[in-house]
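Undergrad: What follows is a structure written as structure tokens; I'll ask about it next.
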Amino acid sequence: MRNISEVIVESKYLTALTGAGFSAESGIPTFRDEDGLWEKYRAEDLATPEAFWRDPELVWRWYAWRMEKVFSAEPNEAHRSFAELEKMGILKTVITQNVDDLHERAGNKNIIHLHGRLKILMCTKCGKEFEINSPPKIPPLPRCECDGLLRPGVVWFGEPLPEKDLRKAQEEALKSDVMIVAGTSAIVQPAGSLPLIVKREGGLIIEINPKETAISHIADFKIRMSAVEAMRKIMEEICKLLNEEKS
Ligand code: NAD
Ligand code: ZN
């Protein structure tokens with residue numbers, strides 16, 4: 001942990017890539033863990049444009065359930081540690097695959113949402129966006145002024161990522177000399193390849209995940225702990241290091 005904390009403190013451009021596991025300790029289930037199932041459906045069968053147009057009410061009921069969970073969840077200690085690192089000028093950008101808003105509620109300012117946000121509803125007809133603070137009550141299906149059906153403002157499986165956000169994330173990866181990859185299985189692409197860019201450019205990867213993932217083989221440091229446990233230990237070490245520097 002001391003080594004890792006030194007790498008973090010001495011980094012020139014530290015970024016982080018987070019996934020569903022980062023919010024798991026805030027009570028938001030990941031897609032692939034055991035409790036990631038809703039009724040009898042798999043996320044992969046609901047979070048697609050095909051599923052939405054086949055049965056918008058089913059998909060909307062699932063999203064209303066997820067929105068409820070996300071809107072009532074609180075940022076955890078790992079989110080707060082990232083906000084602290086950003087305030088200290090160490091962490092430059094958080095690139096997240098999460099559609100919750102826990103990084104912003106914890107206090108981070110530089111966040112790239114690669115997969116959109118649950119707080120945004122989009123009109124499928126005119127493209128207008130609406131920000132919400134509570135889930136729509138289903139039925140009826142939520143509609144725009146233009147009568148178009150509204151959909152959650154997230155990226156579904158099979159859909160391209162917003163070009164501007166992806167480009168920005170790639171630029172951030174290119175600049176990173178260190179990237180923390182936390183709570184992601186790194187199998188959803190292209191997000192999962194951002195650590196490869198860092199590595200290719202000679203940067204270091206710190207992985208935080210209780211389990212082996214698709215990028216574990218390129219990680220320079222692997223912390224097999226939950227995000228909260230790992231960040232607590234890292235922040236303790238960073239505080240010690242900075243105090244030693246002062247005295
Ligand atoms: P994933 O479900 O594929 O992987 C989750 C990873 O988190 C796993 O590797 C697991 O070992 C790890 N994990 C579980 N608990 C953890 C903990 N306490 N601390 C650290 N790691 C932990 O998630 P993904 O890689 O983000 O990709 C799936 C897609 O799911 C993304 O596109 C994302 O948009 C979406 N999603 C988002 C949320 C959210 O916004 N909170 C929740 C579920 C799914
Ligand atoms: Zn509209």
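The values are calculated or read from the model by the stated rules, or taken from the named source; none is laboratory data. The model shown is predicted, which means the values in this text are computed figures rather than measured ones. Methodologically, a virtual Cβ is constructed for each residue, glycine included, from the backbone with ideal geometry; neighbour enumeration extends over all protein chains shown. To get the accessible areas, we keep the full protein, side chains included, count just its heavy atoms, and leave off ligands, DNA and RNA. Shrake-Rupley method; radii C 1.70, N 1.55, O 1.52, S 1.80 Å.
Undergrad: Which order, highest average first, do 13-22, 127-136, 114-123, 43-52 follow once you tally other Cβ atoms within 10 Å for each residue and take the mean per peptide? List each step's numbers first, then the result.
TA: On the way: 13-22: 25.8, 127-136: 13.0, 114-123: 20.1, 43-52: 17.0.
Ranked from most to least packed, the peptides come out as 13-22, 114-123, 43-52, 127-136.
Undergrad: Continuing with this model, one more query. Suppose each label sits 7 Å from its Cα in the direction of the beta carbon; what would the ARG32-ARG143 distance come out to in nanometres?
TA: 4.0
Undergrad: Sticking with this structure for a sec: Leaving out ligands, DNA and RNA, what percent of the accessible area of segment 68-210 is carbon and sulfur, probe 1.4 Å?
TA: On the way: 3310 of 6430 Å².
Roughly 51 percent, rounded to a whole number.
Undergrad: Work out how much length ILE187 to GLU244 would gain on full extension: take 0.36 nm times their residue separation and subtract the Cα-Cα distance, in nm to one decimal. Write down the numbers at each step before the final one.
TA: Numbers: separation 57, 0.36 × 57 = 20.52 nm, distance 3.98 nm.
Between ILE187 and GLU244, full extension yields 16.5 nm more.
Undergrad: Here is a further query. Provide the percentage of antiparallel DSSP beta bridges, counting only those with both residues in the chain; round to the nearest 5. Each step should come with its number before you reach the end.
TA: Working: 9 of 30 bridges.
Counting only bridges with both partners in the chain, antiparallel ones make up about 30 percent.
Undergrad: Using the charge dipole of segment 64-169 (Lys, Arg: +1 at Cβ; Asp, Glu: -1 at Cβ; taken about the Cα centre), state which of PHE130, ASN98, ALA83 has its Cα farthest towards the positive end.
TA: Of the candidates, PHE130 comes out farthest on the positive side.
Undergrad: Can you tell me how much longer the chain between PHE221 and GLU159 gets when fully stretched, taken as 0.36 nm per residue apart minus their C-alpha distance, in nm with one decimal?
TA: Numbers: separation 62, 0.36 × 62 = 22.32 nm, distance 3.23 nm.
Roughly 19.1 nm would be gained on extension.
Undergrad: Please report how far the C-alpha centroid of segment 63-135 lies from that of segment 204-231, rounded to the nearest whole angstrom.
TA: 22
Undergrad: To continue, here is another question. Using a 1.4 angstrom probe with every protein chain in place, what is the largest-first accessible-area order of LYS12, LYS240, LYS69? Walk me through the numbers on the way to the answer.
TA: Details: LYS12 155, LYS240 105, LYS69 70 Å².
Final ranking, largest accessible area leading: LYS12, LYS240, LYS69.
Undergrad: Further question on the same structure: Place a +1 charge on the Cβ of each Lys and Arg in segment 99-226 and a -1 charge on the Cβ of each Asp and Glu, then give the dipole magnitude about the Cα centre in debye, rounded to the nearest 20. Don't jump to the answer; show the numbers that get you there.
TA: On the way: 18 positive and 17 negative charges, 38 e Å.
Approximately 180 debye in magnitude.
Undergrad: Placing +1 at every Lys and Arg Cβ and -1 at every Asp and Glu Cβ, with all other atoms neutral, what dipole size does the chain have around its Cα centre, in debye to the nearest 20? Walk me through the numbers on the way to the answer.
TA: Details: 34 positive and 39 negative charges, 55 e Å.
The calculated dipole for the chain is roughly 260 debye.
Undergrad: On a full-extension model of 0.36 nm per residue, what is the gain between PHE130 and ASN3, subtracting their alpha-carbon distance, rounded to one decimal in nm?
TA: Working: separation 127, 0.36 × 127 = 45.72 nm, distance 4.51 nm.
Full extension from PHE130 to ASN3 adds 41.2 nm.
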